[in-house]
Amino acid sequence: MKAISFDAHGPADVLRLVHVDPPVPGPGQVRIAVRSAGVNALDHKIRSGALRELFPVELPHVPGLEASGVVDAVGEDVTGVRAGDAVLGPTATGAYAEQALAEAARLVVKPVSLSWEEAAALPVAAETAWRGLAALGLREGETLVVHGAAGGVGTLAVQFAVARGVDVVGTASEIHHSYLRELGAVPVTYGEGLAERVRAAAPGGVDAAFDVAGKGDAVAVSVELTGSPERVVTIADPEGARRRGAHFSSGGRAAPTVPALTAALALHEAGTLRLPIHRVYPLAEAADAQRASEHGHLAGKIVLTVG
Ligand SMILES: NC(=O)c1ccc[n+]([C@@H]2O[C@H](COP(=O)([O-])OP(=O)(O)OC[C@H]3O[C@@H](n4cnc5c(N)ncnc54)[C@H](OP(=O)(O)O)[C@@H]3O)[C@@H](O)[C@H]2O)c1
């Protein structure tokens, strides 16, 4: 099968189109004939080596954490998923490939009304947003600040929080403010003077903060605004969390993928889900896709078309 692989950490140029044997599903796993793969900010950090300690990978490595596609092989002890099913979810092997393995229990059925590209864009953003909000223990009527609210994870975090009756203030570049208003958040610009701008946007005070950007002093500002590091979660600034006593959240096998995807698909069914596709690249142009992801300030998610 065709796959994108790198055999040394480094810039996007290390990504190569290669031919490798298709992976074979183990117990509890299925193999997906990938139609589309999501490109995440995590992918370029894993490739560059910046996340060597948090997300160590064996080299050569096929990147990609999420996919949509059709199940084409089923391992032992799999129930509820069959060959031919159209699915989406996190992958256990690299999704930048014609075929990838996934834990069957972490997949959901793809609705016909959701495109392959939209489906591939959902798993990481939805799971991460869901996990972060759960760690914050938000209650209806509370006010939440989301740092980096217009990105992949932020977009889902805002929508999940709004659906729970939480008031959301979201930080973003000005170009993304009207988008945040459409999602139901009050937009503010990040950077110097952030705390004052958030206070003006939330005169009743801030109960909790979710940093999905990991830039600047978002964690410190969040602790100042909420008055308690226990109501501050970051997914992108472990060092800031450690210094301020806030919570750093990372995924893993216990990640709440199915509840998160079920909630996202319920919003889709209701016709309200927003997760725009910034750009679609063919598999062979994965390096360009990661360069765009690394540059940031995207209007939605980047995905690869594979099958
Ligand atoms: N720990 C985990 O489990 C986990 C899981 C998934 C992702 N992550 C991490 O979470 C982060 C976000 O991922 P993503 O996929 O949502 O990335 P993304 O789509 O690229 O979004 C990043 C967002 O950060 C915003 N931003 C840039 N500079 C900022 C600043 N100085 N202050 C506040 N916001 C700023 C951008 O806003 P504008 O475009 O409006 O400028 C953009 O919306 C990445 O660092 C990723 O590695 C962690």
message: Based on alpha-carbon centroids, what's the gap between the stretch 84-113 and the stretch 124-160 in Å, whole number please?
response: 24
Candidates G148, G80, G132: whichever shows maximal mean-square fluctuation once the chain is modelled as a Gaussian network with Cα springs under 10 Å: G80
- request: Take the Cα coordinates of the chain, assign each an equal point scatterer, and use the Debye formula without solvent to give log10 I(q)/I(0) at q = 0.06, 0.08, 0.13 Å⁻¹.
  value: -0.19, -0.34, -0.89
query: What's the local net charge at S68, with K and R +1, D and E -1, over the other residues with C-beta under 9 Å away?
result: -1
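Can you give the calculated 222 nm mean residue ellipticity of the chain, where each DSSP H run of n ≥ 4 adds -39,500 (n - 2.57) and the sum is split over every residue, rounded to the nearest 500 deg cm²/dmol? Display every interim value, and only then the final one.
On the way: 9 runs with 95 residues, N = 307.
That calculation yields -9000 deg cm²/dmol at 222 nm.
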message: Taking every DSSP beta bridge with both residues inside the chain, roughly what % is antiparallel (nearest 5)?
response: 55
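Over all directions, average the projected area of the Cα convex hull of the stretch 6-97 and note it in nm².
Values: hull surface 24.8 nm².
Value for the stretch 6-97: 6.2 nm².
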query: Could you give me the ³J(HN,Hα) list for the stretch 246-252, computed from phi with Karplus coefficients 6.51, -1.76, 1.60 and θ = phi - 60°, whole Hz, x at Gly and Pro?
result: 8, 9, 9, 10, 10, x, x
message: Quick check for me: using +1 on Lys/Arg Cβ and -1 on Asp/Glu Cβ, what's the dipole size of the chain about its Cα centre, in debye to the nearest 20?
response: 140
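Take H295, H176 and order them by how many other Cβ atoms sit within 10 Å, fewest up front. Before the final figure, lay out each step's value.
Numbers: H295 9, H176 23.
So the residues, fewest neighbours to most, are H295, H176.
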message: As I understand it, the value is the acute angle between the Cα axis of helix 116-136 and the longest principal axis of the Cα atoms of the chain; what does it come to in degrees, rounded to 10?
response: 40
field: GNM flexibility winner over the chain from E103, E53, E239 (Cα, springs under 10 Å)
entry: E53
message: Which one, A105, A125, L138, is farthest towards the positive end of the dipole of the stretch 95-158 when Lys and Arg carry +1 and Asp and Glu -1 on their Cβ?
response: L138
Among L65, A92, V30 the positive-end extreme of the charge dipole of the stretch 11-104 (Cβ point charges): L65
- request: Calculate the translational D of the stretch 152-307 in whole µm² s⁻¹ from Stokes-Einstein, where the hydrodynamic radius comes from the Kirkwood formula applied to all Cα pairs, the temperature is 10 °C and the viscosity 1.306 mPa s.
  value: 93
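Read-outs: derived from the displayed coordinates by stated rules, not from any lab. What you see is a predicted model, and the numbers here were worked out from it, not measured in a lab. Here the Cβ is made from the backbone with ideal geometry for all residues, glycine too, and neighbour counts use every protein chain on show.
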